[in-house]
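This report concerns only the one structure given below.
The values are calculated or read from the model by the stated rules, or taken from the named source; none is laboratory data. Owing to the predicted nature of the structure, the values given are computational and were not obtained by experimental measurement. Neighbour counts are summed over all protein chains in view; Cβ atoms, including those assigned to glycine, are modelled from backbone coordinates with ideal geometry. Note: accessible area is taken over every heavy atom of the protein model, side chains too, but ligands, DNA and RNA are not part of it. Shrake-Rupley method; radii C 1.70, N 1.55, O 1.52, S 1.80 Å.
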Amino acid sequence: MTPFALSEDHVAIRDMARAFAAEKLAPHAVRWDEEKHFPVDVMREAAELGMGGVYISEDVGGSGLGRLEAALIFEALATGCPTVSAYVSIHNMAAWMIDRFGSDAQRRRWLPGLVMMESLASYCLTEPGAGSDAAALKTRARREGDHYVVDGVKQFISGAGVSDLYVTMVRTGDEGAGGISTLVIEKDTPGLSFGANERKMGWNAQPTRQVILEGARVPVENRLSDEGMGFRIAMAGLDGGRLNIGACSLGGADAALEKSLAYARERRAFGKALSDFQALQFKLADMATELEASRSFLWRAAAALDAGAPDATKLCAMAKRVATDRGFEIANEALQIHGGYGYLADYGIEKIVRDLRVHQILEGTNEIMRVIVARGLVGR
C-alpha cells in the first residue's frame, strides 16, 4: 500500500465484505432492529469468509490479516448493518486477546471455534460502578487451589447470554490497575448468569446484558498470562477495538451518504431535483469530505498499530474520536436531508443514527479519548 491508495488485495477484501453486507445484512437490518434479532447464522456465514478471526493467527484457523484489513472489513460490513458489524468486531477483539496473550494450549482450545464463530466471545470490562475509570473495577476473583471463585457484575456486555466465552477482567490483587487479571469464563460455568436484555436506543440486533458472577468457579488454567496483567491486556485489546468501532461508524456514515445522494436525485421540490440546489450540493460535499478525511486518519492509526509504533495508542484514540464523531454527524445530516422521511423507520436512516450514537460512548468515551491524547502530548 502506498500512503494514498489501497492495493489490489485490499480492494478485493473490501469488495468481498461489502458484497456480503449488501446481500446478507442490508435487506434485513431494519427488521432485525425491530425484532431485536441476533443473526448468529448470518455471522457464521461471514466467518466462513474469514471475518470471524480477521487478525487471528493462521495456525489456529485465523485469517492472519492486519488492522488496516480489519478496518476495511468492518467498515464494509457496517454499510449493511452497523450493529452486526460492531458485534463481529467485538468478537474479533476478544479472540485476539486470547491469541495474543493466551498459552499455546489456550489458543488451540478456544480459537478454532471462535474464528468460525461456532463459539462467540464477549469482552467484559465495564461494571455498574466502573466505566471510564476501568481500573476501579470491583469484580473479585479469590484463589482456591486450582480455581478462582469470582463474584461481581459486568455491565453493558455485548452478546451476553448468547456468547460462549467471556474474556473478563477481575481483581485478583490490590486496588488499582496492577491488581487486575484476565479470565476466560465459559458460558456453562456454575454461578454465571445474565441480566435482562437491555432496552436501548440502538444496537437492537445484538443483546446487551449484565454478566453476573456469584461464586463462579473458574479454573486457574483459564487465566490469560500472569496475575496482574489484566489491565494491560484489556487496554491492548481496546487499541484495536477503537479502530474497529471507528470503522463501523464510517460504514454507517457511508451508507447514510449513499442513501442521501439517491434521495436527492429522486426527490423534487420547487420544480427541480433536490440535487440541483447548491446549498444541498455543498452539504453533500462536506459529508463526503468528512468521511474521506476520517477514513484516511483511521487507516494511518491502523498502520501505526500494525507497526507497533510508540504513538499507536494515541493515534488510535484520536482516530476513534474523529471517526465516531464525524460518522454520527454525517448520519444525522443524512436524516435532515431526508426530511420527514428520514424520521421513518422504513428508510433505514434513523436506525443508522441510533446505532452510531453509542459509538461515541463505548470502547472508551470520546472524552476519555481526549484524556489519552492529552496524556500523550504532556508525556512527550
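Screening residue 199 with (1) of a type in the set (D, E, K, R); (2) within 22 Å of the chain's Cα centre (by Cα); (3) crowded, with 20+ Cβ neighbours inside 10 Å gives one miss only, at (3). Condition check for residue 340 on (1) crowded, with 17+ Cβ neighbours inside 10 Å; (2) free of Cβ contacts under 8 Å to residues at least 12 places away in the same chain; (3) of a type in the set (Gly, Ala, Ser): one failure, at (1).
For the stretch 247-268, taking the residues that are within 13 Å of residue 335 (Cβ to Cβ) and under 23 Å from the mean Cα position of the chain (by Cα), the one that is surrounded by the most Cβ atoms within 10 Å (Cβ to Cβ) is identified as 253. Do we have residue 333 as in contact with a helix residue (DSSP H, G or I) (Cβ under 7 Å, 6 or more places away or on another chain), part of a loop (DSSP other than H, G, I, E, B), of a type in the set (Asp, Glu) and in contact (Cβ under 8 Å) with a residue 40 or more places away in the chain here? No.
Listed by first and then second residue, the pairs with beta-carbon distance under 8 Å, at least 6 apart or on different chains, first residue in the stretch 273-302 and more than 24 Å from residue 245 (Cα to Cα), second surrounded by 16 or more Cβ atoms within 10 Å (Cβ to Cβ) and of a type in the set (Phe, Trp, Tyr), are 274/263. Inspection of the stretch 165-186 identifies no residue that is open to solvent by 60 Å² or more (accessible area, probe 1.4 Å), out of contact with any Lys or Arg (no Cβ under 6 Å at 6 or more places or on another chain) and aromatic (Phe, Trp, Tyr). Identification of helices (runs of 4 or more DSSP H) wholly contained in the stretch 18-121 with 2 or more residues that are under 23 Å from residue 323 (Cβ atoms) and charged (D, E, K, R) yields 67-78.
Looking at 361, 352, 368, just one residue is within 17 Å of the chain's Cα centre (by Cα), among the hydrophobic types (A, V, I, L, M, F, W, C) and open to solvent by 50 Å² or more (accessible area, probe 1.4 Å), and that residue is 361. The residues of the stretch 137-164 that are open to solvent by 10 Å² or more (accessible area, probe 1.4 Å), among the small types (Gly, Ala, Ser) and closer than 18 Å to residue 230 by Cβ amount to a single one, 152.
Of the residues 348, 364, the single one that is touching a residue at least 12 places away in the same chain (Cβ under 8 Å) and under 19 Å from residue 243 (Cβ atoms) is 364. Residues considered: 105, 134, 130, 95. Of these, the only one that is open to solvent by less than 20 Å² (accessible area, probe 1.4 Å) and modelled with pLDDT of 95 or more is 95. Taken together, the residues in the stretch 1-21 that are more than 21 Å from residue 158 (Cα to Cα) and surrounded by 14 or more Cβ atoms within 10 Å (Cβ to Cβ) amount to 8. Take residue 43 and decide whether it is farther than 23 Å from residue 291 by Cβ, in contact with a helix residue (DSSP H, G or I) (Cβ under 9 Å, 6 or more places away or on another chain) and in contact (Cβ under 8 Å) with a residue 24 or more places away in the chain. So residue 43 fits the description; yes. Check whether at least one residue in the stretch 345-354 is modelled with pLDDT of 95 or more, of a type in the set (Lys, Arg) and within 24 Å of residue 199 (Cβ to Cβ), and report yes or no. Looking for residues that are modelled with pLDDT of 95 or more, of a type in the set (Lys, Arg) and within 24 Å of residue 199 (Cβ to Cβ), one finds at least one in the stretch 345-354, hence yes. Of the residues making up the stretch 25-49, those that are closer than 18 Å to residue 352 by Cα and surrounded by fewer than 20 Cβ atoms within 10 Å (Cβ to Cβ) are 26, 27, 28, 30, 31, 34, 35, 36, 37. Within the stretch 65-82, does at least one residue satisfy the condition of being open to solvent by less than 30 Å² (accessible area, probe 1.4 Å), under 17 Å from the mean Cα position of the chain (by Cα), farther than 30 Å from residue 256 by Cβ and of a type in the set (A, V, I, L, M, F, W, C)? No: the stretch 65-82 contains no residue that is open to solvent by less than 30 Å² (accessible area, probe 1.4 Å), under 17 Å from the mean Cα position of the chain (by Cα), farther than 30 Å from residue 256 by Cβ and of a type in the set (A, V, I, L, M, F, W, C). Tallying residues that are closer than 23 Å to residue 164 by Cβ and of a type outside the set (Asp, Glu) within the stretch 25-41 yields 7.
Residue 62 falls short on exactly one of the conditions (1) touching a helix residue (DSSP H, G or I) at 6+ places or on another chain (Cβ under 8 Å); (2) touching a residue at least 60 places away in the same chain (Cβ under 8 Å); (3) open to solvent by less than 20 Å² (accessible area, probe 1.4 Å), and that condition is (2).
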